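As structure tokens, the structure follows; a few thoughts come after it.
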Amino acid sequence: MAFLKRPWLVIAALSSGVFGCATLGGAQGKGLVTLRYAWPEQSTIRVMHTVDVRTDWSGRQTAQRRYSMRLGPADEEGRRRLMFQDVEIIEAPFPAFVEPLAASIIDAQGDFQGIDPLEDGPGKDLLDALPVSPMKKAQMAKALSNGLERESRNRWDEWVGSWHGASFKPGRTTVVPMTMSVGTGSKKTEEVPAEERVRLDVGVPCSESVPEPKCVRLKLVREPVGQSDETKGRYAHVELELVTDPATLLPYSSRVIRMDRVDWNGGHGEPDFHEAVHVEQHTFIHGVEGSPGQVASVGLR
């Protein structure tokens, strides 16, 4: 199904105006907590990245890799490059999982600005090894570059870009109207009215290795209006859980779950419903050499 090939989450940006007056970054005041982007220069983070896909027609597939990422020094305009190094592929049943990780360009406010040109990164080596014509190679280079930039933007927005400057009242669920994609057949989707429920909890331990409760947990759930996982018929559900330091937005863990139930007959004749669950997890270790621990998998609903 087309919507399962790259079901990465694109989170709607949440401005502080949605939640009330801004406070000091990462501080609490007037009952609000504001998240502030303040990654230190030259910070190096070890990452374990796991993707777990389960379907009721082909079973389970799991992909794993680990790598280091480093935020370089600022240029004259305050932009910094987020670079990925020491990539180790552990399991890779999905072709997209072995694509290179492009260096991202982040501005001083914490917004994604683009990626390094393909000719400056590992993607060029990948293309040079293909026995295709120059015209075909140029088309493939453009497609690869666009895909890498889209993935890089979505990844950064998931961790930081959608959250910096946003203010939350801890423990309160905020509902934001929007639309989301729901499958209507084996290769078709449509946008339907949906709502996004966002909640922030404070005093959360950052990780097993950093048990200090200085982090916050952001929980975002997106579903079609009036539906839940108990709803019969076609259905989609997207969920993000991010554990991060509110004073810097340095993440400690990020998990995205996408669940889809689709009628493969597309409404023609007897329904033939099938379910798929895609779980993507990033686990981060700051300032420590070594690999993050294994990530617990999430079963099919």
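Taking a straight Cα-Cα cut-off under 15 Å and skipping sequence neighbours fewer than 8 places away in the same chain, the aspartates and glutamates within cross-link reach of Lys137 are Glu119, Asp125, Asp128.
The phi torsions of region 178-191, fed into the Karplus equation with coefficients 6.51, -1.76 and 1.60 and a -60° offset, translate into couplings of 6, 10, 8, 8, 10, x, 10, x, 5, 9, 10, 9, 9, 8 Hz, rounded to whole numbers, with Gly and Pro shown as x.
What separates the Cα centres of region 201-252 and region 133-147 is a distance of 36 Å. The packing ranking, built from the mean of other Cβ atoms within 10 Å per residue, places the peptides 229-237, 193-201 in the order 193-201, 229-237, highest first.
Where does the Debye-calculated log10 I(q)/I(0) of region 33-286 sit at q = 0.10 Å⁻¹, using only Cα point scatterers of equal weight, no solvent? Normalising to I(0) and taking log10 leaves -0.59. Backbone amide hydrogens, once placed in the peptide plane, bring Thr184 within less than 5 Å of Thr189, Glu190, excluding anything fewer than 5 places away on its chain. Database remark: amide H of Ala166 closer than 5 angstrom to the amide H of Leu35 (H placed geometrically; neighbours at sequence offset of 5 or more, or on other chains; Pro and chain starts carry no H).
With all protein chains kept in place, the per residue accessible area of region 141-268 amounts to 43 square angstrom at a probe of 1.4 angstrom. Just the protein heavy atoms count here, and of the accessible area of region 33-286 at 1.4 Å, carbon and sulfur take up 50 percent. Here region 33-286 is treated with +1 on each Lys and Arg Cβ and -1 on each Asp and Glu Cβ, and its dipole about the Cα centre works out to around 220 debye. Residue by residue, region 207-212 carries 3J(HN,Hα) couplings of 6, 5, 7, 10, x, 4 Hz when phi is fed to the Karplus relation 6.51 cos²θ - 1.76 cosθ + 1.60 (θ = phi - 60°); x denotes Gly or Pro. The mean sequence distance of close C-alpha pairs (under 8 Å, at least 6 residues apart), as a share of the length of region 33-286, puts its relative contact order at 20 percent. Across region 138-208, counting alpha-carbon atoms alone, Rg and Dmax equal 17.5, 50 Å.
The values are calculated or read from the model by the stated rules, or taken from the named source; none is laboratory data. The model shown is predicted, which means the values in this text are computed figures rather than measured ones. As a convention, Cβ positions derive from the backbone with ideal geometry for all residues, glycine included, and neighbour counts pool all protein chains shown. SASA here: full protein model, heavy atoms, side chains in, ligands and nucleic acids out. Shrake-Rupley method; radii C 1.70, N 1.55, O 1.52, S 1.80 Å.
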